[in-house]
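Novice: The structure follows.
Throughout, read-outs are computed from the coordinates displayed, never taken from laboratory work. Note that this is a predicted model, so its numbers are computed, not measured. Neighbour counts run over all protein chains shown; Cβ positions are idealised from the backbone, glycine included.
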Amino acid sequence: MLSNSLIELDRAHLVHPVASYRGHERMGVRVLRSAKGATVTDDAGRTLVDGFAGLWCVNAGYGHDSIVEAAARQMRELPYATGYFGLGSEPAIRLAAALAERAPGDLNHVYFTLGGSDAVDTTVRLIRNFQTVRGQPGKDQFISLEQGYHGSSTVGAGLTALPAFHANFGLPFDWQHKIPSHYAYRNPAGSDPDAIIAASLAALRAKVEAVGGPGRVAAFYAEPIQGSGGVLVPPRGWMKAMRDLCADLDILFVADEVITGFGRTGPLFACTEDEVVPDLMTTAKGLTSGYVPMGAVFLSDRVYDTIADGAGEAAVGHGYTYSAHPVSAAVGLEVLRLYEDGLLANGRRAGERLMAGLRDLADHPLVGDVRGRGLLAAVELVVDKARKTPLPAAADPARRIFDRAWSNGLVIRAFGNGVLGYAPPLCCTDAEIDAIVERTRRILDQTL
Ligand code: PLP
């Protein structure tokens, strides 16, 4: 049992990410003790199906001894090596090469970070450098999508379009702009895919003009599926159309695959399903399956070569002490081996089962929309299906749904507007997928 003193220590000293500090002090912490496969066990000994893979990151599932051994071996041999001064480590070099080989198109150059936020930060810095050294320093405006999430760094949080990340933080910066999301369920253009794509293209063109034309715009950012905005899946062809427009306008296209990468939607990278080769791509989470922190930025030949030629013999001044950490890289190599040794295939099977099961919930009176791809899905709840009326915010649906799920043995993401998010590990068994669906129906049947 969780001792009161641990709750008190947490309350007094541990500042939690993206939390109401006062609300958390009142509620107290829930401590997880252990995990195996697709399940986690809490302090009270209750075992739950983790329908969210931690924070959409433990794609391989918990408790892989081979990952633990890869990390331990690397820690014994060489726990740290800087990438500064021309130094390096074998796992980092091998992981960069393995990722480049599997990445779309000519994304042949990999810059390792500690996670997704600093991966996004890295792209902003490198894009400014790229535009400057190619003689376009005026291309300094950045565009992203409403409902988009691009991390919590000072710069990335401005590209993020979630209000909590801006309020009282002085964000976004005046060079960070948004266009409406493709959000099919609530799109003013309607639900027809062609109309949604046309509306997004028109919005991007209009925004580019509004900020001074293509000569002012450095880059456009999009997630292949918007995760933290509520798992918003664009129509097929949306990514390609936006990517092609960016190419026409000489604007760099950045695919933020921090959630969608590493089998979450089926393939290793969601871009490949959309037949898109971005100029830059950000990844993290599933890269190491959450066992240790790591992110990776992929750069096209053109972006890398332009920056390299621009600097000549001078240093490109961007780096972290823990860039290309050898232990994280060793974990990344082993995780990649597991993905290709059956996990991706299992994830694809499990994803079809999850989507079919969740779609069966569509007739429930509270379910307005079911959407997703692979093992990334959402169920949007409404109080009135015809009017698509969201659950009242005053009823704090996120907290209530999360608690109800927990007491039914299920961990899911409950968004504030009554959207249930799913991102279970790729190792899920059929029985675990069925449990996620059945428990969701039970949660819906209990009064919200
Ligand atoms: N980009 C996207 C699309 C994300 O979903 C996230 C995190 O959820 C990030 C960036 C930031 O990653 P991190 O939390 O590892 O800093």
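Novice: Calculate the all-directions average of the projected area of the stretch 312-448's alpha-carbon convex hull, and give it in nm².
Specialist: Over every viewing direction, the Cα hull of the stretch 312-448 projects on average to 13.0 nm².
Novice: Just subtract the alpha-carbon distance of residue 14 and residue 41 from 0.36 nm times their residue separation and send over the number in nm, one decimal.
Specialist: Result: 7.6 nm gained on full extension.
Novice: Identify, among 82, 440, 351, the residue whose Cα sits farthest towards the positive end of the charge dipole of the chain, taking +1 on the Cβ of Lys and Arg and -1 on the Cβ of Asp and Glu, with the dipole about the Cα centre.
Specialist: 440
Novice: Please compute the length gained on full extension between residue 21 and residue 87, using 0.36 nm multiplied by the number of residues separating them and subtracting their Cα-Cα distance.
Specialist: So the chain would gain 19.5 nm between residue 21 and residue 87.
Novice: If the viscosity is 1.002 mPa s and the temperature 20 °C, what Stokes-Einstein diffusion coefficient in µm²/s follows for the stretch 107-205 when Rh is the Kirkwood radius over Cα pairs?
Specialist: This corresponds to a translational diffusion coefficient of 142 µm²/s.
Novice: According to the Kirkwood expression over distinct Cα-Cα pairs, how big is the hydrodynamic radius of the stretch 159-263, in Å?
Specialist: 14.6
Novice: Tell me, in nm to one decimal, what length is gained between residue 4 and residue 125 on full extension, where the rule is 0.36 nm per residue of separation less the Cα-Cα distance?
Specialist: Net length gain for the segment: 39.0 nm.
Novice: Separate question: How large is the helix-only mean residue ellipticity at 222 nm for the chain, computed as the sum of -39500 (n - 2.57) over DSSP H runs with n ≥ 4, divided by its residue count, in deg cm²/dmol to the nearest 500?
Specialist: -11500 deg cm²/dmol, from helical runs alone.
Novice: Now a separate question. With springs connecting C-alpha atoms under 10 Å apart, model the chain as a Gaussian network and identify which of 328, 117, 34 has the largest mean-square fluctuation.
Specialist: 34
Novice: Here is a further query. Please arrange 11, 404 by counting, for each residue, the other beta carbons lying within 10 Å of its beta carbon, fewest first.
Specialist: So the residues, fewest neighbours to most, are 11, 404.
Novice: As a footprinting exposure proxy, order 289, 5 by other Cβ within 10 Å, with the fewest listed first.
Specialist: By the 10 Å Cβ count, ascending: 5, 289.
Novice: Let me spell out the model: positive unit charges on the Cβ of Lys and Arg, negative unit charges on the Cβ of Asp and Glu, origin at the Cα centre of the chain. What dipole size does that give, in debye rounded to 20?
Specialist: Dipole about the Cα centre, nearest 20: 1020 debye.
Novice: Among 431, 329, 189, determine the one that fluctuates most according to a GNM of the chain built with springs between C-alpha atoms less than 10 Å apart.
Specialist: 431
Novice: So which lysines can residue 240 reach, going by Cα to Cα under 20 Å and dropping same-chain residues fewer than 8 places off?
Specialist: 178, 207
Novice: May I pose another question? Go ahead and set up a Gaussian network model of the chain, Cα springs under 10 Å, then flag whichever of 160, 283, 429 fluctuates most.
Specialist: Highest fluctuation of the listed residues: 429.
Novice: In percent, how large is the relative contact order of the chain, given Cα pairs closer than 8 Å and 6 or more residues apart?
Specialist: With pairs under 8 Å counted, the relative contact order is 21 percent.
Novice: Shape call for the stretch 1-40 from the C-alpha gyration tensor, a ≥ b ≥ c root eigenvalues: rounded (a/c under 1.5), prolate (a/b greater than b/c) or oblate?
Specialist: Oblate, because a/c is 1.5 or more while a/b does not exceed b/c.
Novice: In Å, the Kirkwood hydrodynamic radius of the stretch 375-425 over pairs of distinct alpha carbons?
Specialist: 11.4
Novice: DSSP loop (so not H, G, I, E, B), at most 13 other Cβ within 10 Å: list which GluC sites (Glu not before Pro) in the stretch 292-366 pass both filters.
Specialist: 313
Novice: While we're on this one: Determine the principal axes of the Cα atoms in the chain, then give the extent along each, sorted from largest to smallest and rounded to whole angstroms.
Specialist: Answer, in whole Å and largest first: 63, 57, 44 Å.
Novice: Sticking with this one: Among the aspartates and glutamates, which have Cα under 17 Å from the Cα of residue 385 when same-chain residues fewer than 8 positions away are ignored?
Specialist: 360, 363, 369, 445
Novice: Of all DSSP beta bridges in the chain, what percent run antiparallel (nearest 5)?
Specialist: Counting DSSP beta bridges with both partners in the chain, the antiparallel share is about 65 percent.
Novice: What are the extents of the Cα atoms of the stretch 17-158 along their three principal axes, in Å, largest first?
Specialist: 61, 43, 29
Novice: Among 131, 167, 199, which residue has its Cα furthest toward the positive end of the charge dipole of the stretch 73-222, with +1 on Lys/Arg Cβ and -1 on Asp/Glu Cβ?
Specialist: 131
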